[in-house]
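Please read the structure below before turning to the comments.
The values are calculated or read from the model by the stated rules, or taken from the named source; none is laboratory data. This structure is a prediction, so every number in the text was calculated from the model and none was measured. As a convention, Cβ positions derive from the backbone with ideal geometry for all residues, glycine included, and neighbour counts pool all protein chains shown. We work out accessible area using only protein heavy atoms, side chains counted, and drop any ligands, DNA or RNA first. Shrake-Rupley method; radii C 1.70, N 1.55, O 1.52, S 1.80 Å.
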Amino acid sequence: MSINENQRLSSESEIGEAKKGVGWGDYIVPVVVFVFCAVVIAIAMTLEEAIPLIVGHSMQPRVFPIFLMAVIAVLNVALIFQIVRSPVSRRDWEPIQTWASAGLLLLFFLLAKYIDTLVALVIVMFMMSIVWGERRIWVAAILALGTTAFIFFSFDQILQVRFPRGLLTDAYYG
């Protein structure tokens, strides 16, 4: 047996040892998500109904969080099916995109709190696109601007919910 064959067999056995299967750790995230959904729904149920003068003909304050948590719970069930159907192989480190995304969420919080929510959305969505592999800057920019505009006008015009005051929202609301 040559050295190359030994190396090939060694690397094949290492690949085979990279355990592929479902362990109890795979269910921690879905359980935490279900608990989070339950807590948010419980808190939303304690919200009082708003008088028509405040919300007009739009949804009550408790409807949106409950709807959002129901959607997340359904997606969580899909995640569990995906974990069971096609288990992933284990790796020692998370890819850099995971840590960059966590950092961008922190950046979003800081920008939204101290500058403006809309500015935070545009900057973080643009940077998130680049971090996850979009190479065309113009596509990332259009995605960030278009999605932010859609979110803003959906909340402002359809749901009749105002964003917190900030740099751009002060100019829009007057």
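Which whole-Hz ³J(HN,Hα) couplings does segment 133-142 yield from phi under the Karplus relation 6.51 cos²θ - 1.76 cosθ + 1.60, θ = phi - 60°, glycine and proline marked x?
x, 6, 9, 8, 4, 5, 5, 4, 5, 5
For ILE43 and LEU105, what does the FRET efficiency come to when R0 = 30 Å and r is the distance between their Cβ atoms, rounded to the nearest 0.05?
0.90
Along its three principal axes, how long is segment 96-173 when you only count alpha carbons? Whole Å, largest extent first please.
That works out to 38, 24, 19 Å along the principal axes.
When the solvent-accessible surface of protein heavy atoms is calculated with a 1.4 angstrom probe, in what order do MET127, MET69, MET45 fall, highest first?
So, going from the largest accessible area down, we get MET45, MET127, MET69.
Spelling out what I want: for every residue of segment 65-77, take phi, set θ = phi - 60°, compute 6.51 cos²θ - 1.76 cosθ + 1.60 (Karplus), and round to whole Hz; glycine and proline get x.
x, 5, 4, 4, 5, 5, 4, 5, 5, 5, 5, 5, 4
VAL63 to ARG85: FRET efficiency via 1/(1 + (r/R0)^6), r the Cβ-Cβ distance, R0 35 Å, to the nearest 0.05?
E between VAL63 and ARG85, to the nearest 0.05, is 0.60.
PHE153 versus ARG165, label points 7 Å from Cα toward the beta carbon: distance in nm?
So the two model labels end up 2.6 nm from each other.
On the full set of protein chains, 1.4 Å probe, figure out the accessible area of ARG136 and give it in Å² to the nearest 10.
120
For segment 154-160, take each phi angle, set θ = phi - 60°, evaluate the Karplus expression 6.51 cos²θ - 1.76 cosθ + 1.60, and give the result in whole Hz per residue in order, putting x for glycine and proline.
5, 5, 6, 8, 7, 7, 6
If amide H atoms are built 1.01 Å from N in the plane of the peptide, which residues on other chains or at least 5 residues away come under 5 Å of the amide H of ASP116?
Here LEU167 satisfy the definition.
Ordering VAL77, VAL29, VAL40 by accessible area with a probe of 1.4 Å, largest first, what comes out?
Largest accessible area first, the list is VAL29, VAL77, VAL40.
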